[in-house]
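The values are calculated or read from the model by the stated rules, or taken from the named source; none is laboratory data. From a predicted model like this one, the values you see are computed outputs, not experimental measurements. Virtual Cβ from ideal backbone geometry, glycine too; neighbours counted across all protein chains shown. Just the protein is used for accessible areas: all its heavy atoms, side chains included, with ligands, DNA and RNA removed. Shrake-Rupley method; radii C 1.70, N 1.55, O 1.52, S 1.80 Å.
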Amino acid sequence: QISSLLREFHGRSIAQSPILLPVAVLFQAIFGPSSGFPVIAGGIIGTALVVLFWLLARQTHSRVFGLLVAALVAVSPLQIVWSRTGGVEYLVSLGIFASILTAFAAGRHRSILLAILAALITWCCLYLYYAARIAFPLSCLALAVGVSRARGTAGSTIKLTFVLLFIW
């Protein structure tokens, strides 16, 4: 019963998490039951994350910056550990990416609604795993970069950052 899981907080296993259970079911339907399932899922998600961060950094700054960010994500000790644990932690990296992407879009479009969504996504990352608190400063930075790319003012950066901080 997934509906009963929605009242569960801080589920420490995939079976207790309403966010991860559907993803685990999908991976198991594709690859079948296996004792290596956590490593396979973590490897796929970790590789996808490197590509996603490369695309984001390339679009927001430059090709060289995209390669640098992708390389840093690929060799990040935190990312390597998260992709190998197989628990509720292995999807938190995609959540961090989503919070950064949404915060950048909020800054670029100077949208309060996107800033609220970015704050909620960032908070959900913390729900998945406490070490995801790295998403808080990264999403603030992404928001500021988005505003600067849109040639926004310092006032809009402060306003949107205040929205992020207020929601947190």
I100 fails exactly one of (1) touching a helix residue (DSSP H, G or I) at 6+ places or on another chain (Cβ under 8 Å); (2) open to solvent by 30 Å² or more (accessible area, probe 1.4 Å), namely (2)
The helices (runs of 4 or more DSSP H) lying wholly within the stretch 91-168 that contain at least 1 residues that are without any contact (Cβ under 8 Å) to a residue 40 or more places away in the chain and either in contact with a His (Cβ under 6 Å, 6 or more places away or on another chain) or under 23 Å from R58 (Cα atoms) (or both) are 92-109, 112-128, 135-149
query: For the stretch 155-163, does any single residue satisfy the condition of being of a type in the set (D, E, K, R) and either in contact with a helix residue (DSSP H, G or I) (Cβ under 9 Å, 6 or more places away or on another chain) or open to solvent by less than 30 Å² (accessible area, probe 1.4 Å) (or both)?
result: yes
I'd like to check something: does the stretch 105-112 contain any residue that is under 25 Å from F27 (Cα atoms) and of a type in the set (V, I, T)?
no
Note on the stretch 30-66: residues more than 30 Å from R108 (Cβ to Cβ) and either open to solvent by 80 Å² or more (accessible area, probe 1.4 Å) or among the aromatic types (F, W, Y) (or both) are I30, F31, P33, S35, F37, V39
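Residue-wise test of (1) in contact with a strand residue (DSSP E or B) (Cβ under 7 Å, 6 or more places away or on another chain); (2) among the hydroxyl-bearing types (S, T, Y); (3) under 25 Å from I40 (Cβ atoms).
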| site | (1), (2), (3) |
| --- | --- |
| A71 | no, no, yes |
| A105 | no, no, no |
| T157 | no, yes, no |
| F162 | no, no, no |
Could you please let me know if L117 is open to solvent by 50 Å² or more (accessible area, probe 1.4 Å) and modelled with pLDDT of 85 or more? yes
